[in-house]
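No value in this document is a laboratory result; all are computed from the given coordinates. These numbers were taken from a predicted model, which means no experiment stands behind them. Cβ atoms come from the backbone with ideal geometry, glycine included; neighbour counts cover every protein chain shown.
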Amino acid sequence: MKLNTKVLVVGGGPAGSIAARSLAEWGFEVILLERNLLFEKPCGGGVPLSAFEELCIPKEVIKQEVKHIKIVSPTGEDLAIELKGGSLAIVDRRKFNTALRTEAEKKGTRVIEGELTEISMGHNQCRVKAKIKGIKTKVIAEYVIAADGIYSRVRNVLGIRPPRAFFTLSEKIKGIDTDFCEFWFGSSHAPDSYSWVFPAPDGISAGTGSLRPGKACTLFEIFRRKRGIIQRGLKKVYKVPLWDGALYNKNNVIFAGDSAGQVMPLTYEGIYYAMKAGEFAARAIREGKVLNYERMWKDRFQRRFSLMDRLRSYFLRDDASREKLVALHRMPEVQDASMRLWLRKDSGNKGLQTYIKLFREILYSR
């Protein structure tokens, strides 16, 4: 079997679905190839509510709105912060992804369940081999958007090394309720990031992670005791890419979302940035200039990702620094700057400049 299309999107998560929807809406012929339409990525499922309006996402997929977060220091000092000017939407990742793909289909995207096996590039043409319902299929496309996640098959077949990764273990637990998104800091249970508790349907989603493979399970048991979680749920292990800003495209193949490592350092937030990457990839194709994708992404996010990477290196180096991170967020001006950058996705420079000013002494005293 042989298929022809202007754009082949590989991966039906947030990045791929937004890219496909945008392109189809503009009249491009688009095929979205997703290996498993029932896949549910282990994830807290937190998306800033502002993203739903910015990216025209149906709000029916929102399971719960969270208006407060809690951050807890290594010594157990906790700080509750009201999410002023917005809220955090909690979604079920499988239903969220399905809804995004449905929106892409409504605009004209052809969604196919299948797996890419090979890809080669000629002059203004990408030749892809895939298995669709067990049938070997050739797909000819002018552009490919690789939005196939941390385990990107496109990266693999093109000989590009996978990104460095953060290993997480999460568990959905019934019988516990919380109205907060909780972020727990401490080297005993989260030496490289934080442990978390998010609201979830019928309970909570809790987890932790490590840069060292095989350590997440032990760390989670320590966190379980610290948080006082007795109930058990279904554990899932997954990897989260570490951002280095090194990969954007290879010829007419554009990488978006986790396949490009576009996860915010320190907060490890990926859904919003994946969707924006999908939007930028679609715009670059619409403009007929693949290299515009890198420019758009860097113009919007490079400075804030670089800043958060420096803050990650500083605040996660030891527990004394983690205590300082929580203490700093008692300051109203720090909370406000954080809300503009993290929750309201301030696209201007004001929030970023305020953050730099607030943390200047830390950033430039190292």
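Values computed for the structure shown
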read-out: Spin-label pair Glu54/Ile132, simplified geometry with 7 Å Cα→Cβ offset, distance in nm; value: 3.4
read-out: Label point distance in nm, Arg303-Ala320, each placed 7 Å from Cα along Cα→Cβ; value: 3.2
read-out: Tensor-based shape of the range 230-366 (alpha-carbon gyration tensor, a/c under 1.5 rounded, otherwise prolate or oblate); value: oblate
read-out: Using θ = phi - 60° and Karplus 6.51 cos²θ - 1.76 cosθ + 1.60, couplings along the range 281-286 (whole Hz; Gly, Pro as x); value: 4, 5, 5, 5, 5, 4
read-out: Cβ-defined net charge surrounding Ile229, 13 Å radius [Lys, Arg +1; Asp, Glu -1]; value: +4
read-out: Net length gained if the chain between Lys215 and Arg286 were fully extended (0.36 nm per residue, minus Cα distance); value: 21.1 nm
read-out: Potential extension, Gln64-Arg225 segment - 0.36 nm per residue separation minus Cα distance; value: 55.3 nm
read-out: Kirkwood-based shape ratio for the chain, expressed as Rg/Rh from alpha carbons; value: 0.97
read-out: Anisotropy class of the range 37-91 from Cα gyration tensor, a/c 1.5 cut; value: oblate
read-out: The chain, relative contact order [Cα under 8 Å, separation at least 6], %; value: 19
read-out: The range 85-180, relative contact order [Cα under 8 Å, separation at least 6], %; value: 16
read-out: Burial ranking of peptide ranges 36-42, 152-158 (average Cβ count within 10 Å, highest at the top); value: 152-158, 36-42
read-out: Full-stretch length increase - Met331, Arg295 - with 0.36 nm per residue and alpha-carbon distance subtracted; value: 9.5 nm
read-out: Surrounding net charge for Val7, when Lys and Arg each add one and Asp and Glu each subtract one, Cβ distance under 9 Å; value: -1
read-out: Selected from Pro162, Pro14, Pro199 as most flexible by GNM, with the chain as the system and alpha-carbon contacts under 10 Å; value: Pro162
read-out: Overall form of the range 1-125 per C-alpha gyration tensor (a/c, 1.5; a/b vs b/c); value: prolate
